[in-house]
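Engineer: This structure is in structure tokens; I'll ask about it shortly.
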Amino acid sequence: MPSGVRLPLRVHLPVPDGFVADPKDPKHWWRMDKARFASPTGRRNYSKASPPLCSSNCLPPPTAVSALYKPSLRYAILGAGFAGLSVAWHLLKQSSDDSRICIDIYDDAGIGGGASGASGGLLHPYSPKAKLLWRGSECWRECLDLLIIANRAVEARASSNAPQDSFCSFKERIVWKRGIIRPASQKNVDILRENAQSFSESCYLELLDRSAAQYLVPDLCVPLDLAVYMPLAMNIHPKRYLQALFLACNDLAECEEREIYLFKESINSLHQLSEEYDAVVICLGAKVDKLPELSGKLPLRTCRGVIAKLQLPYDLPGEYDHQRPSILSDAWLAFREPRSVLVGSTWDWNSKDYASSVSEEEASRAMEELMPKASAVYPPIRNWTFVEAQAGLRAMPPLTAYGSLPLLGCVDDIIGESVKCRYWLVGGLGSRGLLYHGFVGKLTAQAVLSSNESVLPSEFTQWKSISNIIVLLHLGEKMDFEDGIFEYNGSAQVAMVGKNCFAIASDRRLGVNLQTVATDFQRIFKIHDKLYIGLSGLATDAQTMYQRLVFRHKLYQLREERDMKPQTFASLVSALLYEKRFGPYFCQPVIAGLGDDDVPFICTMDCLGAKELAKDFVVSGTASESLYGACESMFKPNMEPEELFETISQALLSSVDRDCLSGWGGHVLLVTPTEVQERTLKGRMD
Ligand SMILES: Cc1cc2nc3c(=O)[nH]c(=O)nc-3n(C[C@H](O)[C@H](O)[C@H](O)COP(=O)(O)OP(=O)(O)OC[C@H]3O[C@@H](n4cnc5c(N)ncnc54)[C@H](O)[C@@H]3O)c2cc1C
């Protein structure tokens, strides 16, 4: 495959050999790429079926240059896996008839060189509990559409007796429509009854008893006497499918006078790409984290999977009839030929091994893991022998209320790009890339062409709030602060328990990193006479949170005609924080109050609302490490109020001296059943 060429160069030098000047603007040159001029439309064609490459005397006349080679819209797609090629197809398909578009796809490993090419190719829209996935019907339909399109492209070539393509055989199968069967668990059955309405009409489920299931697959183990059968589910050859889809893109581009090129080139940074692209769609699968502009900023985990290919030796009976379904269980068995099956897959979480090749050792480990699972559901598999193994790295997205959804959206702000709607992400397709790719490719193409992110369902873009947190945490790393945004303003908070009393204290500094902005800042807030909350972390969030808490407490007072107990209040704070877990308040509260019978209650929690209760003291803020040490050495049980005041004050002052982000004295509140004393401490004022 030819290696890629760079996009038009803008330089103010005499036009060298190999370039032509744009007649409309002589400052613009177009690098002459012979392959690009291979067809009358100027389209690069990688198939061996293409006409022979022309020499430069095939160049269009100069007047035609700008008309042919200066499309009004240029898109770059990084990655030629399921995601990248689906976006390419939909960009070509959806762009308006009068727009001239050119798509450059970059993939250093070629079509299907990542997880897509290594995948098992099982396709159905259900979760392991046989529940229809979120927007599962649409995903299923869009995927079927692409499969039909890819199949047609191949069939058209086969029927026109076109010469064999170098990378796509017209004769081999892309799709095996054999259905999938899964021995049911009790949960499947319950869910089937509950969700009878939510099945995808176009990929329905059937519940089979043991005899019906074993009629389909004679040796299938059906321990609960029930199996879920998806008659329309299928099994595809992922690499052949992707190659056929690329052919379909080429055909569409040719009909519509559009351009699509594939560059076998590694993109190591987004700066490497020409600025002339109107949009860049990043579909790099698990390798997206290697782009420096996105590294560590996406909520993705990686998981390597190994698939083993087995064969039934020719001298043994037991061929798998081509009408029998593939099998899903703890391991899956995707039968392709009567004597050939793929068994998958292993789950090696947090692996960073991108290689598709599998070492002997890794293959034998995979077999040890997969064979017991596979033979538990289909015992005759023990007679099949290992042939080879393939592997891929999945990019796993976080779990949301709608399941593990792909990450879509514009990533300009994450990248730090000022031009709007330039960089887009299609990532985190997890273990269902085949199912999702048609739908997410279509949505992304719509968003890119309209430069409008809001056409994407918010469920697909909500990950960005998590990413903003990650970006803020990275900001902190750059500043050399461990926790980033939590350290931006600096703070020190402590609450301590005495005999029927408690004290809560905080420092008085408000900073912006190392710069001190105020020296009398209040971080302790009163909820009622016997209940206080200290909010360390980002000062603005602390104030917002306090206002929301006061509002909620007032509603409680109106409804219940009493004050909230400290324990109830802690639960309220925890729920409020957890509710906002995808875009949290950057605060760590310290709560202290007197409960029933004036028993003191103290607790702290993290910014997601995970409570930590204590019977002696709790701390938070940038000085928390030194506060722990000081409190541990000074605390005594059952202290009287004055002693408690002395202890908490000494602990606070000695700790803030060891933390450059907090200090400037302190506020201490000493609360007993009968009174509240507020005192200000003077310490080192620098
Ligand atoms: C073992 C295994 C089994 C699976 N089985 C199934 C299954 O049965 N059904 C299912 O639906 N899903 C399955 N999946 C999941 C599915 O394969 C993925 O969700 C899907 O492939 C992700 O597609 P993608 O296009 O996002 O990423 P990829 O397919 O990884 O594509 C990314 C592309 O970007 C290229 N690239 C990366 N970095 C660069 C760079 N710097 N410059 C240029 N190019 C670059 C890579 O070469 C690659 O071709 C499986 C995955 C694995 C690992």
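Engineer: Taking only the alpha-carbon atoms of segment 269-378, what semi-axes of the equivalent ellipsoid follow from 5 times the gyration tensor eigenvalues under a square root, in whole Å, largest first?
Structural biologist: 38, 17, 13
Engineer: Okay, moving on. Label-point separation (nm) for ASP330 and SER633, each offset 7 Å from Cα along Cα-to-Cβ?
Structural biologist: 5.3
Engineer: Rounded to the nearest 0.05, what FRET efficiency is calculated for GLU625 and ASN452 with R0 set to 56 Å and r the Cβ-Cβ distance?
Structural biologist: In this case the efficiency is close to 0.75.
Engineer: Quick one: which of 667-676, 74-83, 534-543 comes out on top by average Cβ neighbours within 10 Å, and what's the full order, highest first?
Structural biologist: Working: 667-676: 17.3, 74-83: 27.7, 534-543: 23.4.
Highest-to-lowest ranking by the protection proxy: 74-83, 534-543, 667-676.
Engineer: Using the Karplus curve 6.51 cos²θ - 1.76 cosθ + 1.60 with θ = phi - 60°, work out ³J(HN,Hα) for each residue of segment 116-123 in order, rounded to whole Hz, and write x for Gly and Pro.
Structural biologist: 4, x, 8, 6, x, x, 7, 9
Engineer: Where a ≥ b ≥ c are the square roots of the eigenvalues of the C-alpha gyration tensor, would you call segment 504-606 rounded, which needs a/c under 1.5, or, failing that, prolate if a/b is larger than b/c, or oblate?
Structural biologist: Taking the square roots of the gyration eigenvalues as a ≥ b ≥ c, segment 504-606 is prolate.
Engineer: Something else now. Quick one: give the max-minus-min coordinate of the C-alpha atoms of segment 328-402 along each principal axis, largest first, in Å.
Structural biologist: Projected onto the principal axes, the Cα atoms of segment 328-402 cover 39, 32, 21 Å.
Engineer: Same structure, new question: Counting only residues 5 or more places away or on other chains, whose amide H sits under 5 Å from the amide H of LEU262 once H atoms are built in the peptide plane?
Structural biologist: Under 5 Å from the amide H of LEU262 lie the amide H atoms of ILE105, each far enough along the sequence or on another chain.
Engineer: May I ask you to give the percent of accessible area on segment 110-165 that is carbon plus sulfur, with a probe radius of 1.4 Å?
Structural biologist: Whole-percent figure for carbon plus sulfur exposure: 51.
Engineer: A follow-up question, please. Collect residues whose amide H, placed 1.01 Å from N in the peptide plane, falls under 5 Å from the amide H of ILE527; neighbours closer than 5 in sequence don't count.
Structural biologist: TYR532, ILE533
Engineer: Can you tell me which of 651-659, 231-239 comes out highest on packing, and rank the rest after it, using the mean Cβ neighbours within 10 Å? Numbers along the way, then the final one.
Structural biologist: Numbers: 651-659: 22.8, 231-239: 21.0.
Taking the mean over residues of other Cβ atoms within 10 Å, the ranking is 651-659, 231-239.
Engineer: Please list 502-512, 603-613 highest first by mean number of surrounding beta-carbon atoms within 10 Å per residue.
Structural biologist: 502-512, 603-613
Engineer: To continue, here is another question. Could you derive backbone 3J(HN,Hα) for segment 256-261 from the dihedral phi with the Karplus parameters 6.51, -1.76 and 1.60 (θ = phi - 60°), listing whole Hz in sequence and x where the residue is Gly or Pro?
Structural biologist: Values, residue by residue: 9, 6, 10, 10, 9, 10 Hz.
Engineer: Next question. Using the crude model of +1 on Lys and Arg Cβ and -1 on Asp and Glu Cβ, and no other charge, please compute the dipole size for segment 621-674 relative to its Cα centre, in debye to 20.
Structural biologist: In total the dipole reaches around 100 debye.
Engineer: First check a/c for segment 604-662, with a ≥ b ≥ c the square roots of the eigenvalues of its C-alpha gyration tensor; if it is under 1.5, answer rounded, and if not, answer prolate when a/b is larger than b/c or oblate otherwise. Mind dumping the intermediate values first?
Structural biologist: Values: a/c = 2.41, a/b = 1.17, b/c = 2.07.
It comes out oblate by the Cα gyration axes.
Engineer: May I ask you to compute the full-extension gain from HIS528 to TYR314, defined as 0.36 nm times their residue separation minus their alpha-carbon distance, rounded to one decimal in nm?
Structural biologist: 68.9 nm
Engineer: Continuing with this model, one more query. Compute the Cα gyration tensor for segment 245-320, then decide on rounded, prolate or oblate, letting a ≥ b ≥ c be the square roots of its eigenvalues: rounded whenever a/c is under 1.5, prolate when a/b is larger than b/c in the other cases, and oblate in all that remain.
Structural biologist: oblate
Engineer: How far apart, in nm, are two points set 7 Å out from the Cα along the Cα-to-Cβ line at ALA401 and at SER269?
Structural biologist: For ALA401 paired with SER269, the spin-label model returns 4.2 nm.
Engineer: Each residue of segment 360-368 in turn: what ³J(HN,Hα) in whole Hz from Karplus with 6.51, -1.76, 1.60 and θ = phi - 60°, glycine and Pro shown as x?
Structural biologist: Residue by residue, segment 360-368 yields 4, 5, 5, 5, 6, 5, 4, 4, 4 Hz.
Engineer: Next question, about the same structure. Could I have the simple spin-label model distance between ILE148 and ARG365, label points 7 Å from Cα toward Cβ, reported in nm to one decimal?
Structural biologist: Calculated label separation equals 4.4 nm.
The values are calculated or read from the model by the stated rules, or taken from the named source; none is laboratory data. Nothing here was measured: the structure is a model prediction, and the numbers come from that model. Neighbour counts are summed over all protein chains in view; Cβ atoms, including those assigned to glycine, are modelled from backbone coordinates with ideal geometry. Please note that ligands, DNA and RNA were not included when accessible areas were found on the heavy atoms of the full protein model with its side chains. Shrake-Rupley method; radii C 1.70, N 1.55, O 1.52, S 1.80 Å.
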